[in-house]
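Where a number appears in this text, it was derived from the coordinates with a stated rule and is not lab data. This is a predicted model, so every value here is computed, not measured. Here Cβ is always computed from backbone atoms with ideal geometry, including for glycine, and neighbour counts include all displayed protein chains.
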Amino acid sequence: MKPSKQQSYNGSIPILPRFHHVEFLDDVWRGTTASFAPSLLGYDAVSSWQMFSFLNDMGPVGNVWRLAFIPTVFVFAGQFLGLGSVAPLFYFLNFTFGPSTTDLARSVARRKLVPEYCAALLPIMLLLHTSEVFAAYMAPDLLTRHYWTWVWQMTPLYLGIANFDLSKLLRILPLKAGRIASPQALLGVMSLISSAVWLYTVVSCKYSLATVFLPDAAVQEEFAPHMRRALQFDEICIFASSFMWVAFLFFDLRKAGLLGKDWMVLAVGFPAASVVVGPGAAFAAG
């Protein structure tokens with residue numbers, strides 16, 4: 001896979017002219033991979049801290065989406081359009097057209113998840129999401145980081161396909177999914193990783209949390225500050241809509257008589273908990 005010698009990220013490394021060897025895919029993802037350059041290649045340290053934490057937070061968030069049976073096509077659309085613009089649509093469709101909390105309370109069968117689905121999802125997420133994010137942001141070689149950025153762009157699609165195939169395989173094999181099949185294990189492991197990265201950021205980052213995660217109000221003309229601001233807005237939109245969705249679910253549980261009058265305290269408490277354990281882990285706990 002020979003890199004182009006004509007184009008480079010800020011003069012640092014050559015851009016791979018072809019990766020998938022499918023012209024359409026290479027053309028689509030080339031610009032997207034370039035947008036990650038400031039955070040990946042270290043010439044915007046603030047963005048590096050924000051994106052490494054943000055993408056690890058997407059581990060538990062992505063698992064909640066998949067457990068809610070949001071089709072892979074919608075998750076994959078977030079790679080094209082930005083997850084912050086697609087996430088509110090996910091939640092709207094789920095809350096509007098999905099089964100209500102009252103319906104779930106009346107039907108035990110509808111509350112059960114397929115064990116094989118959860119059992120396959122955890123190792124796939126660790127292999128196809130977490131390891132790729134760590135490789136893209138922690139690899140010592142910049143060209144290696146660039147390579148894994150290309151790989152990660154298609155991961156939501158590959159993850160959906162792999163989980164579908166493996167869950168079908170586990171159904172026909174004489175194996176028991178065991179503890180790994182529980183959604184608590186799935187969300188717990190991903191949340192632990194997400195929270196560890198968040199705490200590492202809080203302790204080790206020399207910038208304030210406001211600087212790292214809150215976008216500048218001013219319009220940015222330069223490429224690196226512009227991309228930092230766009231990705232910060234993306235994260236805010238995802239978690240604002242995510243916590244709003246959790247609040248609606250708590251309200252629905254209250255209407256169904258499954259929560260007491262303290263439902264609003266719980267709904268407000270989870271965003272507050274994001275300061276302690278990180279937004280991804282706090283959302284998954286909801």
So if I take the centroid of the Cα atoms in the stretch 235-254 and the same for the stretch 181-201, what is the distance between those two points in Å? 19 Å
Extension reserve of the Leu169-Leu81 stretch, reckoned as 0.36 nm per residue once the Cα distance is removed: 28.4 nm
At what distance in nm do the modelled label points of Phe248 and Ser208 sit from each other, each positioned 7 Å from its Cα along Cα→Cβ? 3.4 nm
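Order 21-33, 44-56, 84-96 from most to least packed using the mean count of other Cβ atoms within 10 Å. Please list the in-between numbers first.
Working: 21-33: 13.1, 44-56: 23.0, 84-96: 16.8.
Order by mean packing, descending: 44-56, 84-96, 21-33.
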Roughly how many nanometres apart are two label points built 7 Å out from the Cα toward the Cβ at Tyr158 and Val265? 4.7 nm
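Express in nm, to one decimal, how much length is gained between His20 and Val276 on full extension, taking 0.36 nm for each residue of separation and deducting their alpha carbon distance. Spell out each step's value before the answer.
On the way: separation 256, 0.36 × 256 = 92.16 nm, distance 4.01 nm.
Length difference between fully extended and current span is 88.1 nm.
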